[in-house]
Amino acid sequence: MSTGAPPLLMTPGPTRIPDRVLQAGTRVVHHRTPEFSAALAEMVELARPLFGAPAADILPVHGTGRAAMEGAIVNFFLPGDSVICCTNGTFGEMWSGFAEKYGLNVVRVGTDWNRNIDPDEVADAMKAHPGIRGVTVVQSDTSSGVLNPVAEVARVARENGALALVDGISSVGGVPFLFDEWELDFAVTSSQKCLMSSPGLALAVVGDRAWKMAEHGGMPRAYLDFAAIRKIMNRALPETPGTTPVSLVFQLLEAETMIHEEGLHSVFDRHSAMADRVRTRTAELGYTLAGSAIEERSPTLTALNVPEGVDPDDIREHVLNAGILIAVGLGTFKTNTIRIGHMGDIRMSDVDKTLDALAEF
């Protein structure tokens, strides 16, 4: 690298943390005090517009997003239950793997990473496999940059009596998300993506239908017991079970404050504009978009096929020498793809700096 400074993080996460958020995280108070309970409650309230969930329970889960994803499996389902998992990317496949490890029968749909999930395919799978209890889908899968049609998939699940569970880890706070309007049952995001905080805290939204499933089923659980988290969060002075990651709560509170200061629609517009800039300029440089038949792409990340004969690791190393960290591909796209994150605190000037470095390769 050209300097001793940390690289600019143009990755799918962790993303850059603003100074205000870093400073907020230096504040440490005891997690069983009125002062902290007030901050915890405010953090949850500021998350509601990001999820589009004005009334549903929002649970802080001590762990990264995958902890809450795994928690959804053990809280809502029993071994032998059948679920549909939309697997057109690494993280859709990861959720299906969790389900299988807990003994669920998994029906995979949308296994082609080159396209969006087709709700009709989900509906066909429902007909072919009666008794489906849940459908999992990733809104923005950072392995390909796809943006899946969550509302339509959720409608199919609901019409067939199944829960709709959504991974919004790389989308909530950067892409419109409407938990109530889409009639979702469970959704999760994590602190280190669009919420521009340090890794280690997930937020899970649980709707009424999911709570009923948890009350009448679920597997043995302790650390990831959503009902236990809800019980203590619903006290007059909200808390979480065990020792709360206090610094992360203060970071998230400050990050959400910054998002609301900018305005949600302005945040969404900024992400869309950055995505457009990346895709326009990289096309001029000879890159093509990964996922040949993807019709709707995420504003928070772009996955690019590198020019023929070029090693993605060489591009990544070149850009790193310019002080910028990007990501290489995952899974199906591992050998010929680079990934540029443009989410959270990233601005157009950061995008241009990254594209200038790519242009010099």
*Given the conditions (1) surrounded by fewer than 24 Cβ atoms within 10 Å (Cβ to Cβ); (2) more than 21 Å from ALA99 (Cα to Cα), report the number of the one that VAL172 does not fulfil.*
(1)
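Restricting to region 323-352, and then to whatever is of a type in the set (Lys, Arg) and within 20 Å of CYS194 (Cα to Cα), can you tell me which residue is surrounded by the most Cβ atoms within 10 Å (Cβ to Cβ)? Walk me through how you get there before you give the answer.
Quick first cut of region 323-352, residues of a type in the set (Lys, Arg) only: 334, 339, 347.
Then keep just the ones that are within 20 Å of CYS194 (Cα to Cα); that gives 339, 347.
Details: ARG339: 24, ARG347: 12.
Here the residue is ARG339.
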*Just checking, how many residues over region 316-361 are under 25 Å from the mean Cα position of the chain (by Cα), over 30 Å from GLU93 (Cβ atoms) and assigned to a loop (DSSP other than H, G, I, E, B)?*
1
_Matching entry among VAL310, VAL306 (being surrounded by fewer than 20 Cβ atoms within 10 Å (Cβ to Cβ) and without any contact (Cβ under 8 Å) to a residue 60 or more places away in the chain)_ = VAL310
_Here's a check for you: in region 253-303, which residue that is over 20 Å from the mean Cα position of the chain (by Cα) and under 14 Å from SER143 (Cα atoms) is surrounded by the fewest Cβ atoms within 10 Å (Cβ to Cβ)?_
SER292
*How many residues does region 85-109 hold that are more than 19 Å from GLY329 (Cβ to Cβ), small (Gly, Ala, Ser) and either within 16 Å of the chain's Cα centre (by Cα) or buried (at least 18 other Cβ atoms within 10 Å of the Cβ) (or both)?*
2
*asked:* Condition (residue is in the same structural domain as GLU215 (by TED's automatic domain parsing), touching a residue at least 12 places away in the same chain (Cβ under 8 Å), surrounded by fewer than 20 Cβ atoms within 10 Å (Cβ to Cβ) and touching a helix residue (DSSP H, G or I) at 6+ places or on another chain (Cβ under 8 Å)) applied to region 64-74: is it met by at least one residue?
replied: yes
*State all residues of region 270-303 that are among the aliphatic types (A, V, I, L, M) and free of Cβ contacts under 8 Å to residues at least 24 places away in the same chain; if no residue qualifies, say none.*
ALA283
*asked:* Take the residues in region 215-235 that are modelled with pLDDT of 95 or more and in contact with a Phe, Trp or Tyr (Cβ under 9 Å, 6 or more places away or on another chain); name whichever of them is farthest from PRO34 (Cα to Cα).
replied: MET219
*Would you mind listing the strands (runs of 3 or more DSSP E) fully within region 122-233 where at least 1 residues are within 18 Å of the chain's Cα centre (by Cα) and outside the structural domain of TRP95 (by TED's automatic domain parsing)?*
none
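The values are calculated or read from the model by the stated rules, or taken from the named source; none is laboratory data. On a predicted model such as this, the values are computed, not experimentally measured, just so you know. Virtual Cβ from ideal backbone geometry, glycine too; neighbours counted across all protein chains shown.
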